[in-house]
Each structure stands twice: as structure tokens, then as C-alpha cells.
Amino acid sequence: MSEIRILIAKDAETDISSLQEILASEGYLCDVAFERDDIQQKAAHHNYALVFYLPPPPGRPPRGVWAFLKEYSRQVPVLFCAPADYTVQDYDLWLEAGMDHFLSLPVTKAQLLATIQAVLTEKNGVSPGGNETGNISFRLSGDREIDGITPVRLGHVVTSAFDNCAHHQQVLKKIYKKTHIIEEVLLSTSSVSHRTKERISREEELMAAIEKRQLEMYYQPIVSLSSGRITGFESLIRWKHPERGYVSPAEFIPLAEETGLILPIGLLAVEMTVAQLAGWNEGVRNHDPVSASVNLSTVQFINPKLADQIEEIVDAQKIEREYLRFEITESAIMADMESANIMLLKLKSKKHKLYMDDFGTGYSSLSYLRHFPVDVLKIDQSFVKWMGVDEESDTIVKTIIELAHNLRMEVVAEGIETEEHMRLLREMNCDYGQGYFFSKPVDALSATELLREEPVW
Ligand code: C2E
Ligand code: MG
Ligand code: MG
């Protein structure tokens, strides 16, 4: 790697030893400075690629060191780094002062390196979204204008800015409002594609949907193949669009992930599911207690606050934690194994069960499987679909079930559409099944009705 020199400029006493350690281990040269004169001197002698700035403690505006850095940030990107206990008001102060990159501490190595890469790439004028999203310039705050940024990158700035902040939803709204990202997008060249404009308006619409509570949970039964009865539900989000009707998550979840909106959406999904579980399991009479599993995206998963945020929601409703479960795809786990493992362990220590979703479609490295504290494998529907037709699919499904059982995990087969699928899976000792054969995902009322009816398959 060619030499990259980074300056850490401090207006606070934050401990940065781990930050320095990671930077050094990756071969970055690193200087630390506390005072304006010191920084000025260092900046005159060295060619810094990036500055990490540690703003003053909560409640105080950027001062001393920032007086120089603000000007310097026209040449060299400055990354605000602060522990998670800052408030919305602090973000306000920083945005007013001219912050455009933010990183919350503590940070995982993968997050840190990804952020550095993103900031350096942006500095060099390469838009990570590629041509697809066009060339946009926008005003961040005051008179700062940034060229060549894509909505994807913009989302990244916003996401990182409220990643592990206690008031994340407010912060997100504030940042969007404050920066007038949507209103003030300047379509600088004719190369801006129609798709980009459409995308921005879809993002705006999705934000409004969160505010207007147009998001709703649907529930699809998970059936025990030994008893033939419903033991739980998978919780699946729907967007009840005033004109377009129900919009599929496959359509809006990717946009939500790219823009960071998945964070408030994900918490809403947990909130709604927990409220529903409380309703179902309170004074259970007609059925055994049921579980519900909520899908989590990678973006949510690398947010270190996720487990605490979930706990807060669960505590407010007083449900038994073992009935609230989480699904994460194997590709999401592989995207950042370190953060994923920490988060899985946190959730697990709070008694939540964990499902590995869409198993068999990612890079299923069998060696990592035993290291992750996963309780249940969900066999992807693409294998189940061909059971009874294609012998190889039968073999794959059978092998996954045996593998899971040998690792003391349970198995759910997704996408059961026929009686034949169910029969074959029973023969293979698959523990649970889910699919249109039993029921499509239905609204809360119909799911409750299903529980009352107690169907047996
Ligand atoms: P998933 O978690 O693998 O969910 C299963 C999907 O398969 C659901 O699609 C379900 O309706 C569909 N499905 C169930 N049984 C059958 C069947 O027998 N045949 C066929 N062809 N399909 C079946 P849905 O609800 O459209 O969700 C799509 C994906 O969107 C989910 O895949 C999940 O990855 C994501 N998703 C849904 N809700 C949320 C959410 O609240 N948060 C996050 N992060 N992702 C979500
Ligand atoms: Mg799922
Ligand atoms: Mg799945």
C-alpha cells in the first residue's frame, strides 16, 4: 500500500488507542495533535489524506482545533468521531459547524476501514454508486456544496451519522431536514438520469410512509411437521401504499438499506411484532404460546446499539424474550462476520433465538457455521420448490437437515407449496415448515383467527 497519512485532531479527551492500533495495523501513518498551532504546523509539513476529528464533550460546539480544521476541510476530508452518548443537539451543532462525515465510536475494524475507504473514494471524485445513480451535487449545510455524490453515498453519510445514537430516529429526520437533502438536490448536469430523480422521490415517499405509519406487519405461520400445528409466525413487512396498494418488501427493502431508512423501519417492525406477540401470548387460552421471527438486515446488524434498542422495546411490552426471534441471512453474516458474531451473541445472551435465513443461497462455508450461535437453519425455498421433481434438490435438502441436526440446530423448510413437499420433508425429519401450502402471509387479524381455529396439517 502506498503511504497514507492520517491526522487525529483532538478537542476531547476521548481514548483513541484502539483507533490508533487499527490504523497502524493496516499500515496507515498516524499523527495526533491537540492544539491549533500544533495541527497547523503538522498540516504544513505533511500531506494528510484524512483527518479524524474528536469534537468537544456533549453540549459544546466545535472550537479550538476546529477553527483551523474548518478551513482545512476544503482540501482534506475531516471525519467527526464521537462516542455514542452524544445527543441530537450535538449533531445539530456539528452540522452547523460544517460536518459532513461522521463515525461513531467504538467502531469495528471492518466499519472503520469501510468508512475510510468511502471517504477517500469520495474525495477522489469516484462515485461509489457508479453511473447508475448519476452525478448530483447537494448542499450539506451553510454554503458547503458537494459535487458528484450519489444518493447511495448520501445515505451512507446519514446512516453513519445516526448509527448508534440514542435518538437515531430524530437524528435521521433532523439531518434530512437540516441538510434539505431532498429539496436542495441540484441536478448539476444533464447526465442525471430519470432513474435518479425517480429514486429520490421514492426515497422521499418511503420516509413519509414511516412517518404516516403506512408500514404494516403480515404474519406467515410456521408449522411443526411432527404435530402439524402452528408454533409461530414469520413477521413480514408490507407497505400499504395509498395508491399502489400493498408494495412488496422485495421492492422497498433494498432502497431502505441503501439509504439507512432500514434502521427506523427495522425498529418499527420489531415494535409491531412485539405488540402482536404480547396480544397473542397474554393469558394464552386457546393455543400454546407462539413465537414470531423478525428479519434483520446487515445495516441493522452492524449498528452496535441494535440489541439495546430491541431490549427497550421488549421491556416496554413485557413479553417472554424467547418468543421473539430474529432471522438473518447467511450473506448478511458473511458481509461483516466480526460485527455479526458480536451482535448474534448479544441477542443470544438476551434469550432470543436466531434463525439463519435463506440457507444454501450464500457462501455457505461449513466451517463458520459451527462458530455462529444460530439455533435454526431455514432452508431456502429454491431447494424446496423442486422437491419430488428434481432428485438433486431432494439430496440437498436432506443433507442440510442432517447437517443441522448434527450441529444441534433445528430446521425450517421455506416455500412448502404442496402436500408432496410436506410429505417428503416429514420423511426427512425436517422439524418445521412454512409456505403457501399452509398459508400465505396474512394480516394480524387473520393470523389471530388461524391461531383460534388451530388447524392441523
Ligand atoms: P424471507 O425472509 O426469506 O421471507 C420469505 C418470503 O417468501 C416472503 O416474501 C414470503 O411471502 C415468501 N413465501 C413464503 N412462502 C412461500 C411459498 O410457498 N412460495 C413462494 N413462492 N414464496 C413464499 P416477502 O414477504 O415478499 O418478503 C421478501 C423478503 O423481504 C423476505 O424474505 C425478507 O428477506 C425481506 N423482508 C420482509 N420483511 C422484512 C423486514 O421486516 N425487515 C427486513 N430487513 N427484511 C424483510
Ligand atoms: Mg425471513
Ligand atoms: Mg427466507
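The values are calculated or read from the model by the stated rules, or taken from the named source; none is laboratory data. All values reported here derive from a predicted model rather than from experimental measurement. Ideal geometry is used to build each Cβ from the backbone, glycine not excepted, and the neighbour counts take in all protein chains shown. Heads up: the accessible areas ignore ligands, DNA and RNA and are worked out on the full protein's heavy atoms, side chains in. Shrake-Rupley method; radii C 1.70, N 1.55, O 1.52, S 1.80 Å.
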Quiz item: What residue, of SER297, SER248, SER291, is in contact with an Asp or Glu (Cβ under 6 Å, 6 or more places away or on another chain) and within 16 Å of ligand 2 (Cβ to nearest atom)?
Solution: SER297
Practice problem: Answer with yes or no whether PHE383 is farther than 19 Å from SER235 by Cα and in contact with a helix residue (DSSP H, G or I) (Cβ under 7 Å, 6 or more places away or on another chain). | Solution: yes
Practice problem: State which residue is nearest to ligand 2 (Cβ to nearest atom) when the search covers only the range 425-437 and only residues that are open to solvent by less than 50 Å² (accessible area, probe 1.4 Å) and not hydrophobic (A, V, I, L, M, F, W, C). | Solution: GLN434
Quiz item: In the range 360-388, what count of residues is obtained for those that are within 15 Å of ligand 1 (Cβ to nearest atom) and open to solvent by 70 Å² or more (accessible area, probe 1.4 Å)?
Solution: 4
Quiz item: Name the pairs: first residue in the range 307-336 and touching a residue at least 60 places away in the same chain (Cβ under 8 Å) and under 17 Å from GLY283 (Cα atoms), second residue open to solvent by 30 Å² or more (accessible area, probe 1.4 Å) and within 16 Å of ligand 2 (Cβ to nearest atom), Cβ to Cβ under 9 Å, at least 6 apart or on different chains?
Solution: TYR323/LYS353
Exercise. Note down all Cβ pairs under 9 Å where the first residue falls in the range 274-296 and is closer than 13 Å to TYR323 by Cα, the second is of a type in the set (Asp, Glu) and in a loop (DSSP other than H, G, I, E, B), and they're at least six residues apart or on different chains.
Key: LEU277/GLU320; ASN281/GLU320; PRO289/GLU320
Quiz item: Can you find even one residue in the range 254-265 that is touching a strand residue (DSSP E or B) at 6+ places or on another chain (Cβ under 9 Å) and modelled with pLDDT of 95 or more?
Solution: no
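Go through the range 287-308 and give me each residue that's more than 30 Å from GLY228 (Cα to Cα) and under 13 Å from the mean Cα position of the chain (by Cα). Even if it seems obvious, please write down each step before you answer.
Looking only at the range 287-308, we keep the residues that are more than 30 Å from GLY228 (Cα to Cα), and these are 297-308.
Within the range 287-308, SER297, THR298, VAL299, GLN300, PHE301, ILE302, ASN303, PRO304, LYS305, LEU306, ALA307 qualify.
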Exercise. Taking VAL294 as meeting all but one of (1) in a helix (DSSP H, G or I); (2) within 16 Å of ligand 3 (Cβ to nearest atom), write down the number of the exception.
Key: (1)
Exercise. Would you confirm whether any residue within the range 392-415 is aliphatic (A, V, I, L, M), more than 16 Å from ligand 3 (Cβ to nearest atom), open to solvent by 60 Å² or more (accessible area, probe 1.4 Å) and at pLDDT 90 or above?
Key: yes
Quiz item: Are any residues in the range 409-424 out of contact with any Asp or Glu (no Cβ under 9 Å at 6 or more places or on another chain) and more than 16 Å from ligand 2 (Cβ to nearest atom), and if so, which ones?
Solution: GLU417, THR418, GLU419, GLU420, HIS421, MET422, ARG423
Exercise. Looking only at the range 438-456, decide whether some residue is of a type in the set (Phe, Trp, Tyr) and open to solvent by 30 Å² or more (accessible area, probe 1.4 Å).
Key: no
Quiz item: Counting only residues that are of a type in the set (A, V, I, L, M, F, W, C) and open to solvent by 30 Å² or more (accessible area, probe 1.4 Å), how many does the range 233-284 have?
Solution: 6
Quiz item: Which one is farthest from ligand 1 (Cβ to nearest atom) among residues in the range 305-359 that are surrounded by fewer than 17 Cβ atoms within 10 Å (Cβ to Cβ) and under 20 Å from ILE400 (Cα atoms)?
Solution: MET334
Quiz item: Residue check: is SER224 touching a Ser or Thr at 6+ places or on another chain (Cβ under 8 Å), at pLDDT 95 or above, hydroxyl-bearing (Ser, Thr, Tyr) and within 16 Å of ligand 2 (Cβ to nearest atom)?
Solution: no
